[in-house]
Amino acid sequence: MKMYHSLLFLLLLPVFTQCKNPDSQPVPMSDEALMDTVQRSTFNYFWDGAEPNSGLAPERIHMDGVYPEDDRNVVTSGGSGFGIMAILAGIDRGYVTRSEGLARMEKIVSFLETADRFHGVYPHWWYGETGKVKPFGRKDNGGDLVETAFLMQGLLAVHQYYINGSSEEQALARRIDTLWRDVEWNFYRQDEQNVLYWHWSPEYGWEMNFPVHGYNECLILYILAAASPTHGVPAAVYHEGWAQNGAIVAPHKVEGIDLHLRYQGCEVSPLFWAHYSFLGLNPTGLKDEYCASYFDEMRNLTLANRAYCIRNPKNWKGFGPDCWGLTASYSVNGYVAHKPDEQDDLSVISPTAALSSIVYTPEYSLEVMRHLYGMGDKVFGPYGFYDAFSETEDWYPKRYLAIDQGPIAVMIENYRSGLLWKLFMSHPDVQAGLKKLGF
């Protein structure tokens, strides 16, 4: 027996030596393997991390278990729309079986059929156990048209995924079609004005008083409102409300990079403005009378954000070509819409910013993905990259937000296969809406 162990040790000695050799390098992970690792982990936020009763995405998951507002089981409509698309990609990639995926989608749709709605429009938040609205603010306790648009973007992709499937899948697609047709987009014009309003409350009416003008993250809202076969809005609502009779066009330069659109309230926006509307809406080749190429505009928006971080005028630690991306996320103090300007840049990098821009800047986004993954569990956990961090402040919270995780998984899939773009853009109502608005 002793001789056997001695021989075994001699046989394995080269392996032990190689493992201990500080000069030996691990085999580098391919781009495809890295993307799959990140996508699969982020998918788990919406699969393993889902609120149990509704199947929807919790607004936030804090790995430290600390929820100051006791909102662990509060679910979010817009973030769930993104999550539904992430789940579709996971089903298609075999992360879960098709039958498991269908069961989850049936749970989600069953919840949405009975949850609080306001003229067919969902609130920003619900209590996941009951489906009752949780106010986003005192007067924001009713319908949220923008978050509903994000949710419908996801549901219409699900509809297309299942519409030609098994009898059970087709039945679910028909139920989704009913939810889609129930949304009263036209009501949110507030007495037939040619603009859409973000909020309506049964208690406070239109007191939030937030007309939605472009450009910001809400392009998808106007396209879906025009696309509705039951409560659609005329094209004039888009041209006069969103585009403000052409005032949306405002050519300017940021970091030496050309931008064509007027960004509401700023010269250059947080990067989520390049993501939320384009998870299903394919910007490739998309144009209208106000923008010759939405893909190029969003790419330039991303490049301006990157260029600012590389210039790094405030000399933050860690900023550079492999660590950039400013958007709305957790911050050292609360939630902040970080932007590439010296007032709104607070040293915080949000992984979703660069990673969700992978469809626009694949080479640069992959540089960031590889660098962040190399930082290890400081920034990467069970549901993918944590929401935000600051090397300058030595701040690495192990916390997630649904609305930031979703675009990462969805845009990685769109870069890899175009799946969510193909599904959403194939919906006949979407095609009709785009044509109606002159895209």
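The values are calculated or read from the model by the stated rules, or taken from the named source; none is laboratory data. Quick caveat: nothing in here was measured; it's all calculated off a predicted structure. Every residue, glycine as well, gets a Cβ built from its backbone with ideal geometry; the counts of neighbours run over all protein chains shown. Just so you know, the surface numbers come from the protein's heavy atoms only, side chains and all, with ligands and any DNA or RNA stripped out. Shrake-Rupley method; radii C 1.70, N 1.55, O 1.52, S 1.80 Å.
Each Lys and Arg adds +1 at its Cβ and each Asp and Glu adds -1 at its Cβ; summed about the Cα centre, the chain shows a dipole of about 800 debye. Gain on full extension, evaluated as 0.36 nm per residue between E363 and K435 minus their Cα-Cα distance, stands at 22.6 nm. Straight-line cross-link partners of K287 among the aspartates and glutamates, defined as a Cα under 12 Å from its Cα and at least 8 positions apart when in the same chain: D296, E297. Here the accessible area is traced with a 1.4 Å probe on the protein chains. For the chain, carbon and sulfur cover 52 percent of it. Listed by chain and number, the lysines whose alpha-carbon sits under 17 Å from that of K253, ignoring those within fewer than 8 places in the same chain, are K339. Of the residues W125, Q405, L346, the one whose Cα sits farthest towards the positive end of the charge dipole of the chain is Q405 (charges of +1 on Lys and Arg Cβ, -1 on Asp and Glu Cβ, taken about the Cα centre). Ignoring aspartates and glutamates fewer than eight residues from K134 along the same chain, the ones with Cα atoms less than 16 angstrom from its Cα are E51, E59, E69, D70, D71, D116, D144, E147, E203.
Once the chain from K253 to A292 is taken as fully extended at 0.36 nm per residue, the excess over their C-alpha distance is 12.4 nm. Computed from the Cβ-Cβ distance with R0 of 35 Å, the FRET efficiency linking D71 to D341 stands at 0.65. Students often get this wrong, so try it: which of (1) 31, 27, 24; (2) 36, 23, 20; (3) 38, 27, 21 is semi-axes √(5λ) of the Cα gyration tensor in Å as calculated from the structure shown? Evaluating semi-axes √(5λ) of the Cα gyration tensor in Å on these atoms matches (3).
Using a probe of 1.4 angstrom and keeping all protein chains present, the accessible surface of the chain works out to 40 square angstrom per residue. The stretch 359-429 and the stretch 37-69 have Cα centres separated by 15 Å. The slack between D31 and E113, meaning 0.36 nm per residue of separation minus the straight C-alpha distance, is 25.5 nm. If you take the Cα centroid of the stretch 114-150 and the Cα centroid of the stretch 267-326, the two points sit 30 Å apart. Remark: spin-label model distance E106-E203 equals 3.7 nm, labels positioned 7 Å along the Cα→Cβ axis.
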